[in-house]
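The values are calculated or read from the model by the stated rules, or taken from the named source; none is laboratory data. Just so you know, these numbers come straight off a predicted model, no measurement behind them. Please note: Cβ atoms are built from the backbone with ideal geometry, for glycine as well, and neighbour counts cover all protein chains shown. What goes into the accessible areas is simple: the full protein's heavy atoms, side chains included, and nothing from ligands, DNA or RNA. Shrake-Rupley method; radii C 1.70, N 1.55, O 1.52, S 1.80 Å.
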Amino acid sequence: MPCPTSLPSWARLQAFSTQQPSLKDLSPFRLQAEDISADLSLQPIGSDVRGLLANLIDEAHVPAKRDAMVRGEAINVTEQRPVLHMALRASSTGPAPWGADIAQAIATQRERFLHFADAVRDGRIVTSNGLPFSHIVNIGIGGSDLGPRMVCTALGAKAKNPLPVFFISNPDPWCIQDLTEQIDPLRTLFIVQSKSFTTQETLAVFSTLKAWLLSHGIEASKVMQQFVAVTARPDLARTHQFEEEKMFVFWDWVGGRTSVWSAIGLPIALHCGSQTFKQFLAGASTMDKHFQQASVHENLPYWLALIGIWNRNFLNRTSHAVVCYDWRLRLLPAFLQQLEMESNGKSIQVDGQPSKVKTAPVLWGGLGLDGQHAYFQMLHQGTDIVPVDFISTLGDEPESKDAQINKRIVDLNLQAQKQALAQGRSLQETVERMRVEKISEDHIHQLAIHRSYEGKRPSNHLVLRNGLTAFSLGQLLALYEHKVFTQSVLWNIPAFDQWGVELGKTLAKRLEGN
């Protein structure tokens, strides 16, 4: 794959990086992909820059690389594996470009874990004492935690008869104590999630909670009836005496950060039901089709990626904020941190040469209204310009009058923040405003400069037009997956390994043995 600086349009884009247009003067730039509408108008890209950015897609062979991924070629070059998270959510009918064997294996495991989830929810699968399960605990870290935790949090408010789910990723004794104070040892089902089934933190929590059950009177011969394993290494899970019918597998071609579509999503099905999980998959699948079929100029994943490239590589923006104006999406920034920074936090190209360009920015963020009283000060007046993705929902708020009023407060704040970041307020405008407020001229002289805003702070605004549903959430997560993939191709880096975390793990195990 070509080095990005060798792309013809890359050098031409450099010439435009010092000639940024005012965000007040740009023409509208809006795209739509299924249930997601995107206003990209508040990005410093005029028509010339937009055309050159679009050229990068073909110059870097992004469509060819995408199609190779769909066909199941080993695009994870450092581990010699295919990358088939799209296969996990594809319809079980119709042709499967990744092959019939993989399609059948996916369908079989999906049917197994969804049937299991419904049986637990219906009380057909019970505890060793014949009681229905009242709590679910998910034990896992990284992709085995962030994805299912975020989705359960996002969809739980509208779930019918939700089965309470707790998540624990950390063997810190205070974390374990906090969990055990909230659950019933006699009626809790534990899901142990680990791709390798060697993850130190996960196995430590598993061992501790197993001992906790035994200390509460669960017979040793029955204790494993309350544990389920989800792994790509069922052989290792068997060494811990998991029951065969309570082991669900996925495959080494599923990356942890894209595994929520596999049996790793079992907590979602237990919390919300199997039909909700199927809608979640269906939403992602529609975004997959958009990514594969939409033209360059209408392809939303492409444009999120290209705008990110423009800000990172040509305007030298070192971080990127994701700000959600819907309480249910409060864990989305943490999920996207792993997706983007673990995938594209690389400094070596696919060919083994050092990268000649900057790669993934620092991703951070949170809830919008809360952030307005915290980190938004830096967004507005800090020395670093931080591009923002605003994310909001439309049309599924509660029907009470108070709810409508409160939703309007949330939405108006988002609109105001977008406008303020982009347009700012000049010193003269600030002076005039302070005079309207009857502030003395002495105070105006002292404070006007502090109350002025440069503006020129770019943002995207993504809206889930039909509300936050399993279907639209699936689309949103797939959108960001495809954005990350596109950027990795443009940067010519391997997105699907994570060797950077391995050294710390190795040293921790070595220190443990000393």
Where LEU394 falls short, out of the listed (1) within 23 Å of the chain's Cα centre (by Cα); (2) without any contact (Cβ under 8 Å) to a residue 60 or more places away in the chain; (3) surrounded by fewer than 18 Cβ atoms within 10 Å (Cβ to Cβ): (2)
Quick check on the range 487-503. Is at least one of its residues open to solvent by 40 Å² or more (accessible area, probe 1.4 Å) and without any contact (Cβ under 8 Å) to a residue 12 or more places away in the chain? yes
For the range 86-107, state whether one or more residues are under 30 Å from ILE183 (Cα atoms), of a type in the set (Ser, Thr, Tyr) and in contact with a helix residue (DSSP H, G or I) (Cβ under 8 Å, 6 or more places away or on another chain). no
From the list ALA211, ALA119, which one is free of Cβ contacts under 8 Å to residues at least 12 places away in the same chain and open to solvent by less than 20 Å² (accessible area, probe 1.4 Å)? ALA119
Of those in the range 29-57 that are acidic (Asp, Glu) and touching a helix residue (DSSP H, G or I) at 6+ places or on another chain (Cβ under 8 Å), the residue modelled with the lowest pLDDT is GLU34
Could you give every pair whose Cβ atoms fall below 8 Å, whose first residue belongs to the range 368-385 and is in contact (Cβ under 8 Å) with a residue 12 or more places away in the chain and on the phi < 0 side of the Ramachandran plot, and whose second residue is open to solvent by 60 Å² or more (accessible area, probe 1.4 Å) and part of a helix (DSSP H, G or I), counting only separations of at least 6 or pairs across chains? ASP384/MET378
Within the range 59-113, track down each residue that is of a type in the set (S, T, N, Q) and touching a residue at least 24 places away in the same chain (Cβ under 8 Å). ASN76, THR78, SER91, GLN109
Exactly one of LEU31, LEU56, LEU26 is in a loop (DSSP other than H, G, I, E, B) and of a type in the set (A, V, I, L, M, F, W, C), and that residue is LEU26
Taking the range 130-167 and the residues there that are open to solvent by 40 Å² or more (accessible area, probe 1.4 Å) and touching a Phe, Trp or Tyr at 6+ places or on another chain (Cβ under 6 Å), the one that is nearest to GLN225 (Cα to Cα) would be ARG149
Name the pairs: first residue in the range 132-153 and more than 14 Å from PRO185 (Cα to Cα), second residue of a type in the set (Ser, Thr, Tyr), Cβ to Cβ under 6 Å, at least 6 apart or on different chains? ILE139/THR202; GLY140/THR202; ILE141/SER169; ILE141/THR202; GLY143/SER259; ASP145/SER169
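Can you find even one residue in the range 82-99 that is within 18 Å of ALA263 (Cα to Cα) and touching a strand residue (DSSP E or B) at 6+ places or on another chain (Cβ under 6 Å)?
Narrowing the range 82-99 to residues within 18 Å of ALA263 (Cα to Cα): 83-92.
This time we only want the ones that are touching a strand residue (DSSP E or B) at 6+ places or on another chain (Cβ under 6 Å), so: 83.
Yes, some residue in the range 82-99 is within 18 Å of ALA263 (Cα to Cα) and touching a strand residue (DSSP E or B) at 6+ places or on another chain (Cβ under 6 Å).
Hey, does the range 25-45 have a residue that's among the polar types (S, T, N, Q), closer than 19 Å to GLY455 by Cα and open to solvent by 30 Å² or more (accessible area, probe 1.4 Å)? Break it down stepwise before answering.
Kept after step one, since they are among the polar types (S, T, N, Q), are these residues of the range 25-45: 27, 32, 37, 41, 43.
Those left that are additionally closer than 19 Å to GLY455 by Cα: 27, 41, 43.
Pick out the ones that are also open to solvent by 30 Å² or more (accessible area, probe 1.4 Å) and you get 27.
The answer is yes, given that some residue of the range 25-45 is among the polar types (S, T, N, Q), closer than 19 Å to GLY455 by Cα and open to solvent by 30 Å² or more (accessible area, probe 1.4 Å).
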Say whether the condition of being part of a helix (DSSP H, G or I), open to solvent by 30 Å² or more (accessible area, probe 1.4 Å), at pLDDT below 95 and among the aliphatic types (A, V, I, L, M) is met by at least one residue in the range 398-408. yes
Looking at PHE248 and the list (1) assigned to a helix (DSSP H, G or I); (2) over 29 Å from PRO28 (Cβ atoms); (3) in contact with a helix residue (DSSP H, G or I) (Cβ under 6 Å, 6 or more places away or on another chain), which single condition is not satisfied? (1)
Among all residue pairs at least 6 apart or on different chains, which show Cβ distances below 6 Å where the first residue, located in the range 457-478, is within 14 Å of ASP396 (Cβ to Cβ) and in contact (Cβ under 8 Å) with a residue 60 or more places away in the chain and the second is open to solvent by less than 10 Å² (accessible area, probe 1.4 Å) and in a strand (DSSP E or B)? VAL463/SER392; LEU464/THR393; GLY467/THR393; LEU468/THR393; SER472/LEU464
Matching option when the condition is touching an Asp or Glu at 6+ places or on another chain (Cβ under 6 Å) and either assigned to a helix (DSSP H, G or I) or aliphatic (A, V, I, L, M) (or both), among MET86, MET1: MET86
Just give me the residues in the range 309-329 being in contact with a helix residue (DSSP H, G or I) (Cβ under 7 Å, 6 or more places away or on another chain) and under 19 Å from GLY147 (Cβ atoms), in sequence order. VAL322, CYS324, ARG328, LEU329
Within the range 218-237, residues being more than 15 Å from VAL137 (Cβ to Cβ), open to solvent by 10 Å² or more (accessible area, probe 1.4 Å) and touching a residue at least 12 places away in the same chain (Cβ under 8 Å) number 6
